[in-house]
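I have placed the structure first, in the form of structure tokens, so that the comments after it can refer back to it.
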Amino acid sequence: MQAKRKLLVLLGPTAVGKTRLSLELAAAYGAEIISGDSMQVYRGMDIGTAKITPEEMQGIPHHLIDIHDPGYPYSTAEFQEQGRKAIEDIGDRGKLPFIVGGTGLYIESLCYGFRFSEAVADEAFRKEQEQYAEEYGALALHARLEAVDPASADRLHPNDRRRIIRALEIFHQTDTTLSSSHAAQTKESPYELCIVGLTMDRKILYKRIEDRIDQMLAEGLVEEVRGLLEHGYGRGLVSMQGLGYKEIAAYLAGETTLEEAVNLLKRDTRRFAKRQLSWFRHMNEIEWIDVGEEQNFSGNFEKIRDIIAGKFLSGLEYTSEQSN
């Protein structure tokens, strides 16, 4: 029987501090990083996604970043396919595949080889839902999903129209909810997994989120969104519904003040972090580390090293000199 490929995963809510640890771990273990973030696939969307810069990568290969223009409707199924290919390619070259990110469905679908619904696209149904949303608003469409699939509604933001409509479409065609389909998925991974989750006190995390948003604004988030709009990327696109983009786009359209847009962004990002943690909590194989005390970075790194050693047992070399 062929041995399973080793797959290292580092996940956690936005702003928890995944990037620095991921770089240290990748350097120490000869790993290549696969982004597990649904927004960092888009070119030109850098500030609002807190995308790592080429200089910050420190020569460590990163995959599934900047692979599509913002007009492209990226999906979980495509991420799974491309992620699987990246894992095979990285492993074939003798490197350790290393997923880093915070998009729970993307990461879980890849780690466990989820099968996706066979419900086909029903353009008439989708158009009907789109028209309903246009007439009655995003919250009304979200309420439709909540009525038939409350678990999926809790996971999906009301502005995530494409995924809400897809969940409604699956129920419409199969009489089975998207959440029950996910729950029925096999939890046996095709990989030898080591999943590390980062968490911290909620108050500390929320402060880090707000500080990050302030930094994004200082770095030019408003100008980034304005540039995307000027290039013809409309507000209805999947990419432009991302946190930071829809709020600033509303401000640029004169619908809110900048202060109102920023307050809304901070609130929605806090809520998003809460949803991320809720999603991760049902993944039983995660080894959690509280990283709330930033001054203890080296201690957290050693804890992760011990977890990796325990999970992979052998066949993965580590020396302290590798991270120097």
Quiz item: Taking all pairs of different Cα atoms in the chain, averaging 1/r and flipping that mean, what Kirkwood radius in angstroms comes out?
Solution: 20.8
Quiz item: Against the longest alpha carbon principal axis of the chain, how many degrees, from 0 to 90 and to the nearest 10, is the axis of helix 123-136 turned?
Solution: 70
Practice problem: Quick one: which residues, 5+ away or cross-chain, put their amide H under 5 Å from the amide H of V41? H built at 1.01 Å from N. | Solution: D66
Exercise. Can you tell me the FRET efficiency between T174 and N284 if r is taken as the Cβ-Cβ distance and R0 is 41 Å, rounded to the nearest 0.05?
Key: 0.95
Quiz item: When we measure straight from the Cα of K127, which aspartates and glutamates land under 18 angstrom away, once same-chain ones fewer than 8 places off are left out?
Solution: E135, D160, E169
Quiz item: Of the listed peptides 62-72, 6-16, what is their order by residue-averaged count of other C-beta atoms within 10 Å, with the highest listed first?
Solution: 6-16, 62-72
Practice problem: Work out from phi, with θ = phi - 60° and the Karplus expression 6.51 cos²θ - 1.76 cosθ + 1.60, the ³J(HN,Hα) of each residue of the range 85-101, listed in order in whole Hz, and give x for Gly and Pro. | Solution: 5, 5, 4, 5, 5, 5, x, 5, 8, x, 9, 8, x, 9, 8, 10, x
Quiz item: Say R0 is 35 Å: what FRET efficiency, to the nearest 0.05, do K207 and A124 get from their beta-carbon distance?
Solution: 0.15
Quiz item: Counting only residues 5 or more places away or on other chains, whose amide H sits under 5 Å from the amide H of E192 once H atoms are built in the peptide plane?
Solution: R5, K6, L7
Quiz prompt | Hits among lysines - C-alpha to C-alpha of K311 under 16 Å, sequence gap 8 or more where chains match | solution = K4, K6, K303
Practice problem: Sort 129-135, 253-259, 270-276 for me by packing, meaning the mean count of neighbouring Cβ atoms within 10 Å per residue, highest on top. | Solution: 270-276, 129-135, 253-259
Quiz item: To the nearest 10 degrees, how steeply does helix 161-174 sit against the main Cα axis of the chain, on a 0 to 90 scale?
Solution: 90
Exercise. Treating cross-link reach as a plain straight distance, find the lysines whose alpha-carbon is under 20 Å from the alpha-carbon of K207, omitting any fewer than eight places away in the same chain.
Key: K18, K51, K266, K274
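Restricting to the chain, compute how many DSSP beta bridges are antiparallel as a %, nearest 5.
On the way: 0 of 25 bridges.
Of those bridges, close to 0 percent are antiparallel.
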Practice problem: Round to the nearest 10 and give me the degree value, 0 to 90, for the angle of helix 297-312's Cα axis relative to the longest principal axis of the chain. | Solution: 80
Quiz item: So for S298, S109, fewest C-beta neighbours within 10 Å to most, what's the order?
Solution: S298, S109
Quiz item: Over the Cα atoms of the range 123-183, Rg to Rh with Kirkwood Rh, two decimal places?
Solution: 0.93
Quiz item: Could you state the principal axis extents of the C-alpha atoms in the range 67-200, from the largest down, to the nearest angstrom?
Solution: 54, 36, 32
Quiz item: Summing -39500 (n - 2.57) over the DSSP H runs of n ≥ 4 in the chain and dividing by its residue number, what mean residue ellipticity at 222 nm do you reach, to the nearest 500 deg cm²/dmol?
Solution: -16000 deg cm²/dmol
Practice problem: Collect residues whose amide H, placed 1.01 Å from N in the peptide plane, falls under 5 Å from the amide H of E32; neighbours closer than 5 in sequence don't count. | Solution: L96, F98
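Coordinate-derived values only; no laboratory data. None of these values were measured; they are calculated from a predicted model. Counting neighbours? That spans all protein chains shown, and the Cβs are built from the backbone with ideal geometry, glycine included.
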